[in-house]
Every structure is written in C-alpha cells, then in structure tokens.
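Colleague: Take a look at this one; I'll ask things after.
The values are calculated or read from the model by the stated rules, or taken from the named source; none is laboratory data. Small disclaimer: the values here were computed from a predicted structure and weren't measured. So basically every Cβ, Gly included, is an ideal-geometry build from the backbone, and we count neighbours across all protein chains shown. Surface areas here come from the heavy atoms of the whole protein model, side chains and all, with no ligands, DNA or RNA. Shrake-Rupley method; radii C 1.70, N 1.55, O 1.52, S 1.80 Å.
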Amino acid sequence: MTRFLIRRIGQAILVLFAASIAVFLLFFVGPGPDQVARTFAGRLGTPQRILEIKHALHLDQPLYLQYLHWVGNLLQGNLGFDYYKGQSVNTVVGQALPATVSLVVGAAILWIAYGVFSGVVSAVRSRSLLDRGFTTAALFFYSMPTFVLGYTLIFIFAYELYRVTKFFPFSSYVPITTNPWQWFVHLILPWLTLAMVTAAAYTRLTRTSMLDVLGEDYIRTARSKGMPEQRVIRVHALRSALTPVVTLAGLDIGTALGGVIITEQVFGIPGLGWTIVQAIGQQDLPIIMGIAVLAATFVVIANVIVDILYAVLDPRVRLN
Amino acid sequence: MPLLQVEELRVSFRTADGIVQAVRGVSYDVEAGQTLGIVGESGSGKSVSTQTIMGLTRGAQVSGRAVFEGKDLLTASTGDMQRIRGAKIAMIFQDPLTSLHPYYKVGWQIMEMIQQHESVSKDDARKRAVELLRLVGIPHPDRRVDDYPHQFSGGMRQRAMIAMAMALNPALLIADEPTTALDVTVQAQVLRVIQRMQEMFGTAVILITHDLGVIADVADEVLVMYGGEVMERADRRTLFFNSHHPYTEGLLQSLPAYGGARERLRPIPGQPPSLLSPPPGCPFAPRCPYVMDRCRTEDPPLAAAGEEPGHISACWLPHRGSERAELRRKLLEAEPAGTAPSAGGA
Ligand SMILES: Nc1ncnc2c1ncn2[C@@H]1O[C@H](COP(=O)(O)OP(=O)(O)O)[C@@H](O)[C@H]1O
Ligand SMILES: [Mg+2]
C-alpha cells in the first residue's frame, strides 16, 4: 500500500513537472526578453512597466534560471503578479476559486447521486420501462449543449415561472459568506445544469458496470448463500460496480475545479472558468498561466485521490 | 422418501438466436447422505439443471418439479428459497477465485452467511468461521480468517468455499466441477475434504463433473447427461463395469485407466449437439459408433437396462449383455472404421 502510494505520488510529481515545463515554454520562450515582457504586460505595456517585468521575471538570465525562479515561486504558492490588474494572481484566483468550488461540489453531489441511482436501477431492472426512461433521459441530456440547457432553465424557472417560483434569479452569484440562503438559491439552476449534462455518462457507466458485476460468479455465490437480493445488490455488487465510477468522478471533479467555462458564463458566476475567459479577452497572460497551472494541479491531485480510493475499495490493490 | 426428487425438469432460455433447450426432461433422486455424480461433456446441461433447482437461473423458462423435504423448489416463494439456499442446500463452484468476493475477507464471507440464517453474535459467527476453516484443513485458521481470497492459493480457496458451504450443516451440497479449475495435485485433496465433510455431517452430495475419473471413488449413483437429457443412470459399479449407453462407453474410453490402450486417450469424436432446435431422435446419434436408422428419428426413452435394479439407459441397443455385444460388433463391421459421422458435419 505505502509503496503503491509512493509510486503514484512520484508519478504525479513527474506529471506536474512536465506540465510546468510545457506552460513555461509556451509563455516564456519568445523573440527576446523585451517581447516576452511585453506579452506579460498585456495591453498596458508602458516601457517602464516592461523594464519592471524583465527584472521581476529575470528575463535577462538564461532560460533554466528563469524556469527555476518561476517554479520556485509556484512551489511557495505564488502564482505571479498580474500587471494588467495590478494585483497578485493569487488574489484574483482566490476570489474566483470559491465560486467554482461551490458550483462543482454541489453539482457533483447531484450528478453522482442521480447517475449511480439511475444506473443501478437500470441494471437491476434491465430492459424495463424505467431502464428505457433513464436511458432516454441520459441520451437527451448528453447530446444537449450546456448553454442550451442553461438558458432553457433560466427561461423556464426565472422568467416564465417567475410568478410561481419567485426566488430564481436570472444569474450572478452570492458568496456563501455573504448570505448562505442567497448563495444556495443562486446556485440551484447552475447546479442542475452542470449535473444534468454530466450525469448521463454516470448513468450509462454505472449501468454497464453493474450489469457486468451482476454476471460475476461471486454474485451467484452470494445468492446461493441465501442473501436477500437487496443485500446482494447493495453489499456485493455495488462496491465492485463503483470502481470505474470513482475513476470517472475523480477526473471529472478534478477537471471541473479548474473552471467550468460554459456554465459559469451562462449564469454569470465569477469562478475560474469565467475569469480565464475574461483574461483571454484582455490578453491577461499571468492570469491565464496561473489558472492553467492550478487546473493542471487539480487534475493531478484528483488522480492521486482516485488511486487512494481504489486501494480503499479493492484489497488486491492495497495488499500487493 | 428421497431427500431431493427431481421430475421432468425442463429449462430453456430465450436468446437472440432462438430458444436454447438447455435441460430437456431430466429426472433423478438424491437420497439423504448419499452422493450422486452427474457426468457429461461441457454443455450437457449439468450446471443449468442444478442451478435451476436453487433458483439461480434467471430469465429461464422452467417446468417440472424439484421436491426437497416435501416442498417443490421450483414454485417456492422467494423468502422460502432464501431460507433454503445456503442453510439446507449449499453450493460450491468451479472457479473458487471468482466465486469468492475479491473485496471481502474470507472469514467475513462465511460469517455473513451464518448471520443471515441464524441469530448469532458476530463473535460467535467468527469463532464458527475459524472452526470451519480448521475443519477443511486451512493452517492457522485464526489468522487466515482475516485474509482476502487473493491471499489464498487455489486449493485453499476451494477449501474456504467448502467451509462456507458446510457452515450451516446443509442436508445437500451441490458441488459443480469443484476440482476442474484446480491443479492436478490439489484436486484429490479437495475431493477428500468434500468426502470428509460429507461423512462428518451426513450431507448428501451432488458432484458434477465432466470427468468420470473424478467420481470413480466417491459417487454412489451416477447420472450421465448429454444434450440436456439423461442418457444413463446406474450405481457406480454398474456404470464402470457394465454400462449400457454408447455415450457412457465413450466417456469411459476417454479415461486413461479404462480405455483399451492405457496411454492413449480416446476422446469421443465430434461435437455436442446444438441445443437450439435439437433434431428428433437420440441426441447422441450423430456421434454414435453404433447408430441405427431408428436412432435418428425416435428418441429412445429411459428404460431398465441390464440386470441391476435402478440401472436405466436411453438407447435402442438390446438390454441383454450378450445380444448387445453381438449387435455392436455387427454395427461396427457394417460401417468401415473411421467414417463415423461427426455432428459438426466437417
Ligand atoms: N443464461 C443462459 N442463456 C442461454 N443459454 C444458456 C444459459 N446458461 C446456459 N446456457 C446453455 O445451456 C447449455 C447447458 O449449459 P450448462 O448447464 O452450463 O452445461 P454444463 O454445466 O453441462 O457444462 C449450454 O449450451 C449453454 O450454452
Ligand atoms: Mg457446468
């Protein structure tokens, strides 16, 4: 187990290293230090600002020193300085992150709960009306673009049904620290949107995985022991069937924490996805870089967590 | 009255290719404490016929009766079946690795079953699990009880399955090819463990195998199955020394110690029949060296064969030993050696 974890964490560090090199090469290597500094300065590059940047990023020094300097800052949790906004990138990211986390965690709870539930029911009652219903719903939401679903929900709940539902706001976001109830109300539609488009894959994956497991010999053994069917499904089948679902969930959540671009755009949630879109529009390089590095880190951490969960679920992984 | 009485069991599956008639009118009895061997090549319907009795074939169409302790298992309620499974009729299977749950400790899997059927404390269930593991010959059972199946060797896993099966002192143990997936060296050991448990607990055993050699020492009665039907039934001695059915003869000849030439195994030529719309006549006719015209049109019924009471066989060959030998010789001469048609057609 320890050896397994050390190996996986080692791999994760290697991946992060490679990602940092890629990001570095993408942004730091260019036609001369002045040009690179100008890019970092964005649209507001006064000659004095460019000189300042050249100095701050050590652009006069050899590439490997530039890299070491940059990575050294990253390792200390310093994502750099945003010259365009005149703030540290950490501040900008720190303001955006809670919104994205709120959106992703709530939606993930919904899509995992619904996806696993509908997948298990579909598998256990395979080819029943319910199975067909869940399958159709999955295909429908799977093929629906996020923004269409998002605007449709806004139209129905916040506009058409406004007199009935009253409290659904059109868009925008309220931090949980400001007003927890408003935070919740503002996130209902975004949560539903993100959950519905994501859940389809979970329904299908859980169904397939569950059907596979229900055909396993050890399920026959459990039944031959006189275990009630409920227990066969919940205790014997579900745990095995969830292994691939855990993988998918880990990767989806890890990716989404780096920013949910479309949902954040549609609902005007100032999260990482929204921020990076703004930054791209403003050619605000340090922000783009900071969020890219953060997103890569989330994905890698999610991978390590998935591996740990694997070991928790499956003793064959844990004990070998 | 026998412990288990199976009558005219028929099982079929609806598949994309059509209806598979896996079991076609099988009847047999199992007496308390006795061992019934069921032999036949793979695909003969051995597993389906026993799993159906346990209510483990899902989506199958089933008819017939399987009376166990006065109750027809084929029509029993879900609740009744759950109380019978594991407690009164236990099963072990071919592959002990895949038959045990990889995520749960061996002891836990035994305790779970004890606690499902009896109200005992966790500690007592655990003590019984340890004791059972000791009985089936697992060293250091007090430690191994907390191991996972993948930490056991193949033979150990099957012993653990046997321990689990015997946990509630069932009246009947169904062992479906319990040694097929094991190393040759441990096959005999596992068979001995089953036998020892049977003697200790007075359990009746249905021992399923495709290898007559496996049941040579243990079965009281033997049922030979082919193409979803019973071909022959006899006590063990009669079956080995005085069999009637050409299919049984074929199985015997594919055994190293019984075939004419000791060193050369003679597998039966040809393939088992398709169970999708089986043709009329005897299912073995396409592969039978003694096939006669009537075999292809009329399925021979099970009828008394030879002198032993209870010896029955489904074959048109004469039942008097001397007449049979004579006819067989003639039939073989009429058809030049090596041209016995095979079922596959190629
Ligand atoms: N669930 C099922 N659906 C369709 N056909 C099946 C099913 N289970 C078994 N069969 C078929 O029934 C026949 C008998 O199978 P089985 O009882 O497993 O044979 P044996 O145990 O003698 O090797 C085989 O042809 C097999 O393909
Ligand atoms: Mg079988």
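Colleague: Would you confirm, using the coordinates I've provided, whether residue B:54 is within 13 Å of chain A (Cβ to nearest Cβ) and more than 16 Å from ligand 1 (Cβ to nearest atom)? Show your work before the answer.
Modeller: Working: within 13 Å of chain A (Cβ to nearest Cβ): yes; more than 16 Å from ligand 1 (Cβ to nearest atom): no.
Criteria not met by residue B:54.
Colleague: Condition check: β-branched (Val, Ile, Thr), away from ligand 1 (no atom under 14 Å from the Cβ) and crowded, with 22+ Cβ neighbours inside 10 Å. Does residue B:209 satisfy that?
Modeller: For residue B:209, the condition - β-branched (Val, Ile, Thr), away from ligand 1 (no atom under 14 Å from the Cβ) and crowded, with 22+ Cβ neighbours inside 10 Å - is not met.
Colleague: So, one more: Just one of (1) within 17 Å of residue A:100 (Cβ to Cβ); (2) open to solvent by 10 Å² or more (accessible area, probe 1.4 Å) trips up residue A:220, so point out which.
Modeller: It fails just one condition, (1).
Colleague: Right, another one. Inside the range A:39-138, counting only helices (runs of 4 or more DSSP H) that do not spill past its ends, which hold 3 or more residues that are modelled with pLDDT of 95 or more and surrounded by 13 or more Cβ atoms within 10 Å (Cβ to Cβ)?
Modeller: On the way: elements: A:47-56, A:63-75, A:89-124.
In the range A:39-138, A:89-124 are the helices (runs of 4 or more DSSP H) which contain 3 or more residues that are modelled with pLDDT of 95 or more and surrounded by 13 or more Cβ atoms within 10 Å (Cβ to Cβ).
Colleague: Go through the range B:156-182 residue by residue and tally those that are under 19 Å from residue B:108 (Cα atoms) and either away from ligand 2 (no atom under 16 Å from the Cβ) or not in a helix (DSSP H, G or I) (or both). I'd like the intermediate steps shown before the answer.
Modeller: Taking the range B:156-182 first, the residues under 19 Å from residue B:108 (Cα atoms) are B:156-169.
Filter once more, keeping what is either away from ligand 2 (no atom under 16 Å from the Cβ) or not in a helix (DSSP H, G or I) (or both): B:156-157, B:159-160, B:162-169.
So the answer is 12.
Colleague: Just the residues that are in contact (Cβ under 8 Å) with a residue 24 or more places away in the chain, acidic (Asp, Glu) and open to solvent by 10 Å² or more (accessible area, probe 1.4 Å), please, taken from the range B:218-253.
Modeller: B:220, B:221, B:229, B:235
Colleague: Find the residue count for the range A:224-242, including only residues that are buried (at least 23 other Cβ atoms within 10 Å of the Cβ) and in contact with a Gly (Cβ under 9 Å, 6 or more places away or on another chain).
Modeller: 3
Colleague: Across the range A:223-243, which residue is farthest from the other protein chains (Cβ to nearest Cβ) among those that are closer than 20 Å to residue A:208 by Cβ and of a type in the set (S, T, N, Q)?
Modeller: Among those that are closer than 20 Å to residue A:208 by Cβ and of a type in the set (S, T, N, Q), it is A:243.
Colleague: Checking residue A:273 against (1) surrounded by fewer than 23 Cβ atoms within 10 Å (Cβ to Cβ); (2) assigned to a helix (DSSP H, G or I), which test does it fail?
Modeller: For residue A:273, the exception is condition (1).
Colleague: Additional query: Taking the range B:168-182, which residues are closer than 19 Å to residue B:113 by Cα and open to solvent by 10 Å² or more (accessible area, probe 1.4 Å)?
Modeller: Residues satisfying the conditions are B:168, B:169, B:171.
Colleague: Scan (1) assigned to a loop (DSSP other than H, G, I, E, B); (2) within 14 Å of chain A (Cβ to nearest Cβ) for the single condition residue B:110 breaks and write down its number.
Modeller: Single failed check for residue B:110: (1).
Colleague: Just to be sure, is residue A:161 open to solvent by less than 60 Å² (accessible area, probe 1.4 Å) and under 21 Å from residue A:267 (Cα atoms)?
Modeller: no
Colleague: Out of the range B:50-82, which residues are of a type in the set (S, T, N, Q) and within 16 Å of ligand 2 (Cβ to nearest atom)?
Modeller: The answer is B:50, B:51, B:52, B:57.
Colleague: Sort through A:248, A:187 and tell me the only one that's part of a helix (DSSP H, G or I), of a type in the set (A, V, I, L, M, F, W, C) and under 15 Å from residue A:115 (Cβ atoms).
Modeller: Checking each option against the conditions leaves just A:248.
Colleague: If you check residue B:185 against the conditions, is it open to solvent by 20 Å² or more (accessible area, probe 1.4 Å), of a type outside the set (Gly, Ala, Ser), within 16 Å of ligand 2 (Cβ to nearest atom) and over 24 Å from residue B:88 (Cβ atoms)? Lay out the reasoning, then the answer.
Modeller: Details: open to solvent by 20 Å² or more (accessible area, probe 1.4 Å): yes; of a type outside the set (Gly, Ala, Ser): yes; within 16 Å of ligand 2 (Cβ to nearest atom): no; over 24 Å from residue B:88 (Cβ atoms): yes.
No: the conditions fail for residue B:185.
Colleague: Pairs please, first residue from the range B:144-164 and free of Cβ contacts under 8 Å to residues at least 40 places away in the same chain, second anywhere and open to solvent by 40 Å² or more (accessible area, probe 1.4 Å) and not in a helix (DSSP H, G or I), Cβ atoms under 8 Å, 6+ apart in sequence or on different chains.
Modeller: Close Cβ pairs (under 8 Å, with a partner that is open to solvent by 40 Å² or more (accessible area, probe 1.4 Å) and not in a helix (DSSP H, G or I)) amount to B:151/A:319; B:155/B:183.
Colleague: Give the residue, chosen from A:259, A:290, that is under 29 Å from residue A:168 (Cβ atoms), more than 14 Å from chain B (Cβ to nearest Cβ) and either of a type outside the set (D, E, K, R) or surrounded by fewer than 20 Cβ atoms within 10 Å (Cβ to Cβ) (or both). Steps first, answer last, please.
Modeller: Numbers: A:290 fails: under 29 Å from residue A:168 (Cβ atoms).
A:259 is the lone residue from the list that is under 29 Å from residue A:168 (Cβ atoms), more than 14 Å from chain B (Cβ to nearest Cβ) and either of a type outside the set (D, E, K, R) or surrounded by fewer than 20 Cβ atoms within 10 Å (Cβ to Cβ) (or both).
Colleague: Can you tell which of B:283, B:256, B:278, B:272 is away from chain A (no Cβ under 14 Å), more than 16 Å from ligand 1 (Cβ to nearest atom) and either modelled with pLDDT under 90 or part of a loop (DSSP other than H, G, I, E, B) (or both)?
Modeller: B:256
Colleague: Name, by its number, the condition in (1) within 14 Å of chain A (Cβ to nearest Cβ); (2) in contact with a strand residue (DSSP E or B) (Cβ under 9 Å, 6 or more places away or on another chain); (3) away from ligand 1 (no atom under 14 Å from the Cβ) that does not hold for residue B:176.
Modeller: So the condition that residue B:176 fails would be (3).
Colleague: Please enumerate the residues belonging to the range A:188-212 that are among the aliphatic types (A, V, I, L, M), within 30 Å of residue B:81 (Cβ to Cβ) and open to solvent by less than 10 Å² (accessible area, probe 1.4 Å). Even if it seems obvious, please write down each step before you answer.
Modeller: Narrowing the range A:188-212 to residues among the aliphatic types (A, V, I, L, M): A:188-189, A:192, A:194-197, A:199-201, A:205, A:210-211.
Of the ones still in play, those that are also within 30 Å of residue B:81 (Cβ to Cβ) are A:210-211.
If the condition is that a residue be among the aliphatic types (A, V, I, L, M), within 30 Å of residue B:81 (Cβ to Cβ) and open to solvent by less than 10 Å² (accessible area, probe 1.4 Å), then A:210 is the only one that fits.
Colleague: Need pairs with beta-carbon distance below 6 Å; first residue closer than 13 Å to residue A:97 by Cα and hydrophobic (A, V, I, L, M, F, W, C) and within the range A:252-272, second open to solvent by 20 Å² or more (accessible area, probe 1.4 Å) and modelled with pLDDT of 95 or more; sequence gap 6+ or separate chains.
Modeller: A:257/A:298
Colleague: Also: From B:136, B:120, B:145, grab the single residue that is within 26 Å of the chain's Cα centre (by Cα) and either modelled with pLDDT of 95 or more or surrounded by 14 or more Cβ atoms within 10 Å (Cβ to Cβ) (or both).
Modeller: On the way: B:120 fails: within 26 Å of the chain's Cα centre (by Cα); B:145 fails: within 26 Å of the chain's Cα centre (by Cα).
One residue alone meets the criteria, B:136.
Colleague: Mind checking which residues of the range B:58-100 are assigned to a loop (DSSP other than H, G, I, E, B), open to solvent by 40 Å² or more (accessible area, probe 1.4 Å) and within 16 Å of ligand 1 (Cβ to nearest atom)?
Modeller: Matches in the range B:58-100: B:58, B:59, B:94, B:95.
Colleague: When residues of the range B:1-19 are filtered for being open to solvent by 20 Å² or more (accessible area, probe 1.4 Å) and touching a helix residue (DSSP H, G or I) at 6+ places or on another chain (Cβ under 9 Å), how many remain?
Modeller: 1
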